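This report concerns only the one structure given below.
Every number in this text was worked out from the coordinates using simple rules, so none of it is lab data. Note that the structure is a prediction, hence the values are computed from the model and not measured. Methodologically, a virtual Cβ is constructed for each residue, glycine included, from the backbone with ideal geometry; neighbour enumeration extends over all protein chains shown.
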Amino acid sequence: MAEIEKVKCLIIGSGPAGYTAAIYAGRANLAPVLYEGLQPGGQLTTTTDVENFPGYPEGISGPQLMEDLRAQAERFGADVRFGLATASDLSKAPYRITIDGEKEIETESLIIATGATAKYLGLEDEKKYAGMGVSACATCDGFFYRKKVVAVVGGGDTACEESIYLAGLASKVYLIVRKPFLRASKIMQERVLKHEKIEVLFEHNAVGLYGDNGVEGVNLVKRMGEADEERYDQAIDGFFLAIGHNPNSEIFKPYVDTDEVGYIITEGNTPRTKVAGVFAAGDVADSHYRQAVTAAGSGCKAAMEAERYLSEKGLL
């Protein structure tokens with residue numbers, strides 16, 4: 001059997017939370033090892049322009065921002081590696097993480113920054129127009145659709161919130177709802193149904209998108225009865241998914257607490273999980289804000305907590 005590598009601080013995930021944790025852990029001489037996962041750079045690598053991250057007055061591309069964060073982490077001694085965490089044993093310290101199904105790492109402290117994956121409808125066109133009119137984050141990308149026409153897919157609180165947010169920017173918002181009703185809370189339903197800029201399309205399915213240099217419209221199917229349906233195209237400039245996220249917490253679930261969706265539950269306003277020395281940062285533990293800057297902030301907290309934990313244990 002291959003020898004088990006031993007480290008002081010292991011970080012799983014490479015979005016703003018993981019890289020920021022690596023910057024802080026590196027500067028604290030924790031010699032952190034970071035595994036990037038399936039999508040180095042995380043969700044932001046699918047975003048073209050990021051205009052709301054502090055310090056970039058002209059904006060920056062998502063991939064470039066992540067490259068900058070990675071370079072900063074490496075400058076302070078973080079060992080950034082390509083690989084996917086496939087199993088964990090957090091039953092006792094030091095903790096064991098399996099990488100790519102074969103390599104085992106033993107770590108004194110662990111920062112889980114595996115993020116969350118936005119749910120998509122599964123249309124080929126969603127991939128085709130990624131970053132060209134398709135988005136899973138209204139707060140991130142809504143600004144680019146000022147005075148334009150957009151569609152939001154979903155019927156829950158998130159979809160309603162994003163529709164209202166976008167209605168403050170866009171000239172018109174179509175809310176595409178598969179069912180004949182909204183699942184959102186009563187107050188959110190009322191706000192959406194009363195809003196002059198939002199038109200709710202009940203019993204509609206988006207089945208495709210079209211456009212030459214980006215999204216120009218959506219192909220819709222409207223259910224007219226048991227067996228009847230109407231197909232038509234609706235011109236739009238942006239297509240927003242608001243049907244939820246899947247937190248990437250599966251391999252840690254036997255050991256840490258998660259909510260019903262799978263978000264890791266942390267103690268109060270800290271990144272501490274119920275396992276001493278194991279911390280969760282970024283979107284894997286945040287169902288509410290899901291922003292690059294809040295993820296970065298929680299990555300900073302996680303690294304500071306890890307340093308404190310290792311120091312108290314006499315492991316520094």
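For segment 246-289, take the convex hull of the Cα atoms, compute a quarter of its surface area, and give me that in nm², please.
3.0
Computed over the Cα atoms of the chain, what is the ratio Rg over Rh, Rh following Kirkwood? Write out the running numbers ahead of the final one.
On the way: Rg = 21.4 Å, Rh = 20.8 Å.
Here Rg/Rh amounts to 1.03.
Do the sum for the chain: with -39,500 (n - 2.57) for every DSSP H run of n ≥ 4, divided by all residues, what is the mean residue ellipticity at 222 nm, to the nearest 500 deg cm²/dmol?
Working: 7 runs with 76 residues, N = 316.
Counting only the DSSP helices, I get -7500 deg cm²/dmol.
Go through segment 62-97 and name the chymotrypsin sites (Phe, Trp or Tyr not before Pro) that are in a DSSP coil and have 10 or fewer other Cβ atoms within 10 Å of their Cβ. Numbers along the way, then the final one.
On the way: sites: Phe76, Phe82, Tyr95; in loops: Phe76, Phe82.
Nothing satisfies the criteria.
When the chain is modelled as a GNM with alpha-carbon springs shorter than 10 Å, which of Ala170, Ala25, Ala302 fluctuates the most?
Evaluated over the chain, the most mobile residue of the options is Ala170.
Would you mind ranking Ser14, Ser185 so that the residue whose beta carbon has the fewest other beta carbons within 10 Å leads the list?
On the way: Ser14 29, Ser185 12.
In increasing order of surrounding Cβ atoms, one gets Ser185, Ser14.
Counting only DSSP beta bridges with both residues in the chain, what percent are antiparallel, rounded to the nearest 5? Walk me through the numbers on the way to the answer.
Working: 29 of 61 bridges.
Looking only at bridges with both residues in the chain, the antiparallel portion is about 50 percent.
Can you give me the long-range amide H partners of Leu201? Hydrogens built in the peptide plane at 1.01 Å from N, cutoff under 5 Å, separation of 5 or more residues or another chain.
The answer is Leu175, Ile176, Val177.
Run the reach check for Lys6 against lysines, Cα to Cα strictly under 25 Å, same-chain hits fewer than 8 apart removed. What comes back?
Partners found: Lys92, Lys103, Lys253, Lys274, Lys301, Lys313.
Provide the FRET efficiency to the nearest 0.05 for the Glu51-Ser311 pair, computing r from the beta carbons and using R0 = 51 Å. Mind dumping the intermediate values first?
Working: r = 39 Å, r/R0 = 0.76.
Plugging the Cβ-Cβ distance into 1/(1 + (r/R0)^6) gives 0.85.
Count the DSSP beta bridges whose two residues both fall in segment 120-241, then state the antiparallel fraction as a percent rounded to the nearest 5.
On the way: 13 of 29 bridges.
DSSP beta bridges in segment 120-241 are roughly 45 percent antiparallel.
Using Cα pairs under 8 angstrom and six or more residues apart, how large is the relative contact order of the chain, in percent? Provide the component values of the computation, followed by the final result.
Numbers: 732 pairs, mean separation 65.5, N = 316.
Here the relative contact order equals 21 percent.
Fewest to most neighbouring Cβ within 10 Å: what's the order for Ile111, Ile164?
Details: Ile111 33, Ile164 19.
Exposure proxy ranking, most exposed first: Ile164, Ile111.
What list do you get for His195, His288, His245 if you sort them by fewest beta carbons within 10 Å? Each step should come with its number before you reach the end.
Numbers: His195 17, His288 8, His245 24.
Fewest-to-most Cβ neighbours within 10 Å comes out as His288, His195, His245.
If you plug each phi of segment 276-288 into the Karplus form 6.51 cos²θ - 1.76 cosθ + 1.60 with θ = phi - 60°, what whole-Hz ³J(HN,Hα) values come out, in order, with x for Gly and Pro?
3J(HN,Hα) across segment 276-288, in whole Hz: 4, x, 10, 10, 10, 9, x, 5, 5, 10, 9, 8, 9.
Would you mind getting me the FRET efficiency between Glu190 and Thr139? Use the beta-carbon distance for r and R0 = 30 Å, nearest 0.05.
Values: r = 22 Å, r/R0 = 0.73.
According to the calculation, E is roughly 0.85.
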